[in-house]
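Below is one structure, written out as structure tokens, with a few remarks after it.
The values are calculated or read from the model by the stated rules, or taken from the named source; none is laboratory data. In this text, all values refer to a predicted model and were calculated from it rather than measured experimentally. Neighbour counts are summed over all protein chains in view; Cβ atoms, including those assigned to glycine, are modelled from backbone coordinates with ideal geometry.
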Amino acid sequence: MKAHIANVLQSIHVQTRHRQNEVHVRTLQSENLELTRILGQKDREIDGLRHRLANLEARLQELLGTDTLTGLPNRHVFKEHLIHSLKRALRVGYSLSLMLIDVDHLGEINEQHGSAAGDRVLVEIAQILKSSVREIDMPARWGGEEMVAVLHETDAEGAAVVAERVRRRVLGLALKDEKTGRLIKVTATLSVASYPTHSNEAHGLLEYAFEALRAAKNNGCNTVVIAAR
């Protein structure tokens, strides 16, 4: 009899401990789900703050007028300069050209050698562009893999000569992957549009230059093209 009672008590004790463990497990699972939910919410909040910070930094750089990577004037400053330069060209009566530079296969360079290598390429090409134009001209970073320049008192043919000089200097870059030592192949495609040949408005010159650039990229890179009239 005593043995039976002991067995019953032992069984009750085991069942009680089992139920307590189940309750404890459910409590821990509930707490884990709640913590996961809170962490997910915090991650979204952090992502939102990072996005806002990036936008604020971009806006600040726009107001300052300088591209942080290359040190060149940014798109906002360039567009204002192009508009005012065209007005002066119309008033005085001299030619003006827009030169557009696109770094070929920059995405592949980033994938194969890392984004830091891609940034080095952009910095080097910015220096080439800056040193290839005169002080009266205006080189700038348009965005992404594209740079631009206003060439004052220069017709389309003269701008094409400058563009070819830039293309050859880019082709001659001897940048190496800092990790592997492999040579990074760098080329650029350039297009030219000019006033009064193509347009007397800023957006018109940009459209001609970008259209010519797209056609050149589709037909093969590492070249210089003058926009069709």
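Quick one: is GLY172 under 24 Å from GLU201 (Cβ atoms), surrounded by fewer than 20 Cβ atoms within 10 Å (Cβ to Cβ) and modelled with pLDDT of 95 or more?
The answer is no for GLY172.
LEU173 passes all but one of (1) free of Cβ contacts under 8 Å to residues at least 40 places away in the same chain; (2) farther than 15 Å from SER95 by Cα; which number fails?
Of (1) free of Cβ contacts under 8 Å to residues at least 40 places away in the same chain; (2) farther than 15 Å from SER95 by Cα, only one is false for LEU173: (1).
Got at least one residue in the stretch 162-170 being within 24 Å of HIS76 (Cα to Cα), touching a residue at least 24 places away in the same chain (Cβ under 8 Å) and touching a Gly at 6+ places or on another chain (Cβ under 8 Å)?
The answer is no, given that none of the residues of the stretch 162-170 is within 24 Å of HIS76 (Cα to Cα), touching a residue at least 24 places away in the same chain (Cβ under 8 Å) and touching a Gly at 6+ places or on another chain (Cβ under 8 Å).
List the number of the failed condition for ARG182; all other conditions in (1) within 28 Å of THR66 (Cβ to Cβ); (2) surrounded by fewer than 20 Cβ atoms within 10 Å (Cβ to Cβ) hold.
Just one mismatch for ARG182, condition (1).
Within the stretch 66-114, how many residues turn out to be exposed (fewer than 14 other Cβ atoms within 10 Å of the Cβ) and free of Cβ contacts under 8 Å to residues at least 60 places away in the same chain?
Total meeting the criteria: 12.
Any idea which of LEU129, LEU206, LEU175 is in contact with a helix residue (DSSP H, G or I) (Cβ under 7 Å, 6 or more places away or on another chain) and closer than 20 Å to HIS81 by Cβ?
LEU129
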